[in-house]
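Where a number appears in this text, it was derived from the coordinates with a stated rule and is not lab data. Please read these numbers as outputs of a predicted model, since none were measured by experiment. For neighbour counting, all protein chains shown are included, and Cβ atoms are generated from backbone atoms with ideal geometry for every residue, glycine included.
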């Protein structure tokens, strides 16, 4: 997975900090530093039992928590099942897609 | 394919559904068709929702798709090995847990394929079983029978893999 990176230069490069050349300063790309959501969306093929099992396998959820997320997907069309750093979020989305769930990444605005 | 456990292993998942041989042959033909299509068209676009919208990197995009393909190929082989077994549907067939999970995932893949092809005109309620199946054209009846059979297989395997689900 792609690690978080910094940009050389950019707006902070105009800083007046003495002794630091502008092209040696870095800043964090805002969207990579943000919290990312793993969102699972409803579909009419995957079975409820299967979805609960997948949540337990992928996230290690207890059955009740997994079931709550499954019902949220079923009744509201989507559920945020995890949020955090982008790299981990990508990993989870990839695992969920291997199980054929409709999962995607979203960033917190 | 993971090694097959001995039939007497307790607590191991078992493919234990019972159905007639013609249905197994039909299922085998459909699973083979989906598997062949996946192998022959590796660059085919992934199903809707397969990619996160915000992937910014072509290399990551390619690695992402390749990871999904590798998993799908492994899973399809596990399901194919089951459905071509002439004893499937007539006797209990023991599985390793990884094989049972692979079969469950591959069953979903085949059901998604059927949903997008033969069963695309059905609504969600009909897909769940609330329909007069005999009003469908024969080819759709066959697709529907396989769709339902794979759903039963999948659910039975999940309950064996995760017995706690039935208790809560």
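Descriptive notes on the structure:
- Nearest-0.05 FRET efficiency for residue A:72 and residue B:33, computed from C-beta distance (R0 30 Å): 0.30
- Its Cα gyration tensor gives the stretch B:86-168 an equivalent ellipsoid; the semi-axes, largest first and in whole Å, are 26, 15, 12.
- Peptide A:34-45, shielding by other chains (average Cβ, 10 Å cutoff): 3
- Segment residue B:18-residue B:90, length gained on full extension (0.36 nm per residue, minus Cα span): 25.4 nm
- Cα centroid separation, the stretch B:112-168 to the stretch A:30-106 (Å): 22 Å
- Cα coordinate range in the stretch A:34-107, projected on the principal axes (Å, largest first): 31, 21, 20
- Averaging the sequence gap over all C-alpha pairs within less than 8 Å and six or more residues apart, then dividing by the number of residues, gives the stretch A:36-109 a relative contact order of 53 percent.
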